[in-house]
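The values are calculated or read from the model by the stated rules, or taken from the named source; none is laboratory data. As the structure is a prediction and not an experimental result, all values here were calculated from the model. With ideal geometry, Cβ positions are generated from the backbone for all residues, glycine too; neighbour counts draw on all protein chains shown. Keep in mind that these areas ignore ligands, DNA and RNA; they rest on the heavy atoms of the full protein, side chains included. Shrake-Rupley method; radii C 1.70, N 1.55, O 1.52, S 1.80 Å.
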Amino acid sequence: DKCDEHIALLPGTDAALALAIMHELVVHGWLDHDYIARHTVGWEALKERALLWNPKRAAQVCGVPEAQIVELARDYGTTTPAAIRVNYGVQRCAGGGNAIRAIACLPALTGAWRHRAGGVLLSSSSQFPVDRATLQRTDLLAGRTPRTINMVTIGDDLLRESSADFGPKVEALVVYNSNPVAVAPESPKVVRAFQREDLFTVVLEHFLTDTADHADIVLPATTQLEHWDIHLAYGHTDVLLNRPAIAPMGEARSNAQIFRDLAARMGLDDPCFADSDEALCRQAYGDQIDFNALLQNGFAALAIPDAPYAEGGFPTASGKCQFDSGLRTSGGPDVPDFIPNHEPSGASPDYPLAMISPPARNFLNSSFVNVQSLRNMEGEPLLEIHPDDAATRGIQSGAVVRVFNARGDYRVKADVSTRARPGVVNGLGIWWRKFGLAGTNVNEVTSQKLTDMGRGPTFYDCAVQVERA
């Protein structure tokens, strides 16, 4: 709504756009050859890949006019400084990892890293010198390797029986800082899993969320106003200290205090299990941050240069921006490539629409849905649908529609709007299921399939059909 230009790609096609921009940088000479030579690895292989992606080819994949791609490439290649802000929707598709890789190559090609405010940012969180070894104390495992279950596949995994591949059946679950019944994909399976009579479920919460509704025990957790904490950040580079403004109310305890109490009851006597929340805050950054300054000011700025990669120094084995990442040995492409969605837009005649599910404006994922005033501002769960797609289905704004695929369906009010591009519907989330029109939400139809790198979720790789309810 507020940008100078919005190029509404089909979901999951960002890598194709990035490669087409590279193509234009090469053919027009909008490159910083000195920076490429001194601070990158794998340029020749990347250039060969980029030259396969002319704007016409990318336009067909991305579903946008070729001229838009040409103009964007020219603007990026001739603007100094140029910054790219990547956000958290790009990678929620089958090829999300490669899309981020492709985008992250661009500032090294133009030398944008040389300049203050040049480069690319997803999150600044990796810049914070957290002493994770002291906080996590993996040495106490004494060589044991606990299994990790991916929350993306929690629906399937909580329904699994014991097996050699999976391990023992999950019989007990403690949920904190999350609301999986509302936020995890393919929620029909998630709900079935949490309804298991033989699953002992404990939820640490402030509010009766969809997940808390399925708990055997709900333990009241402190809010941010009631406990010590120390923060890193997504978008800035200040360490923030969170001091309690009030004492815990009622029987509320911090998550850490609940785990300390459990440790004591279980006879775990290492001194670390007695560390208070304030002590953990002091340990979090070790001697990298002056804790007394935090106590006095509430924050402390990290000492990071304005242009941290002006002379290379990337956090890679070579210290360079590695276009050729060596991923070929793990089955991935050596240099970034476009990887189609699990459910490509328009590929299925039964489910011809792509669906994305960004948070509604007044919520943060499923947080704040409990606040009546914010629900009032948001109104009700909505599905934004382009006028062309609505017309062929006889749908008007305000009509109740059924959004469905083979995984499930949910009912929602339609908002006929050009905020949605043709062929794509926007299922605004993440409403708690109990506030949905039929006691469900958008994750009835999302998938447990994983991304190409990082085993992440593919919420925005979801083909659906929409009809009048």
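Overview of values
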{"quantity": "Search result, residues across segment 192-211 that are touching a residue at least 40 places away in the same chain (Cβ under 8 Å) and surrounded by 18 or more Cβ atoms within 10 Å (Cβ to Cβ)", "calculated": "LEU204, THR209, ASP210"}
{"quantity": "Test: VAL412 is closer than 16 Å to GLU467 by Cβ, buried (at least 16 other Cβ atoms within 10 Å of the Cβ), under 22 Å from the mean Cα position of the chain (by Cα) and not aromatic (Phe, Trp, Tyr)", "calculated": "no"}
{"quantity": "Flag for LEU25 being surrounded by fewer than 17 Cβ atoms within 10 Å (Cβ to Cβ) and closer than 19 Å to ILE100 by Cα", "calculated": "no"}
{"quantity": "Any hit, segment 192-207, residues being outside any loop (DSSP other than H, G, I, E, B) and of a type in the set (Phe, Trp, Tyr)", "calculated": "yes"}
{"quantity": "Helices (runs of 4 or more DSSP H) within segment 42-134 that include 1 or more residues polar (S, T, N, Q) and open to solvent by 30 Å² or more (accessible area, probe 1.4 Å)", "calculated": "55-62, 66-78, 96-110"}
{"quantity": "Matching residues, segment 135-173, being more than 26 Å from the chain's Cα centre (by Cα), in a loop (DSSP other than H, G, I, E, B) and in contact (Cβ under 8 Å) with a residue 24 or more places away in the chain", "calculated": "ARG137, GLU171"}
{"quantity": "ALA347 being open to solvent by 40 Å² or more (accessible area, probe 1.4 Å), of a type in the set (A, V, I, L, M, F, W, C), out of contact with any Phe, Trp or Tyr (no Cβ under 7 Å at 6 or more places or on another chain) and within 22 Å of ALA184 (Cβ to Cβ)", "calculated": "no"}
{"quantity": "Residue in segment 356-367 that is open to solvent by less than 30 Å² (accessible area, probe 1.4 Å), modelled with pLDDT of 95 or more and aliphatic (A, V, I, L, M) present", "calculated": "no"}
{"quantity": "Residue in segment 371-386 that is surrounded by 15 or more Cβ atoms within 10 Å (Cβ to Cβ) and touching a helix residue (DSSP H, G or I) at 6+ places or on another chain (Cβ under 6 Å) present", "calculated": "no"}
{"quantity": "Residue pairs meeting the criteria (Cβ under 6 Å; at least 6 apart or on separate chains; first among the hydroxyl-bearing types (Ser, Thr, Tyr), in segment 245-273; second at pLDDT 95 or above)", "calculated": "SER254/THR222; SER254/HIS227; SER254/ASP277"}
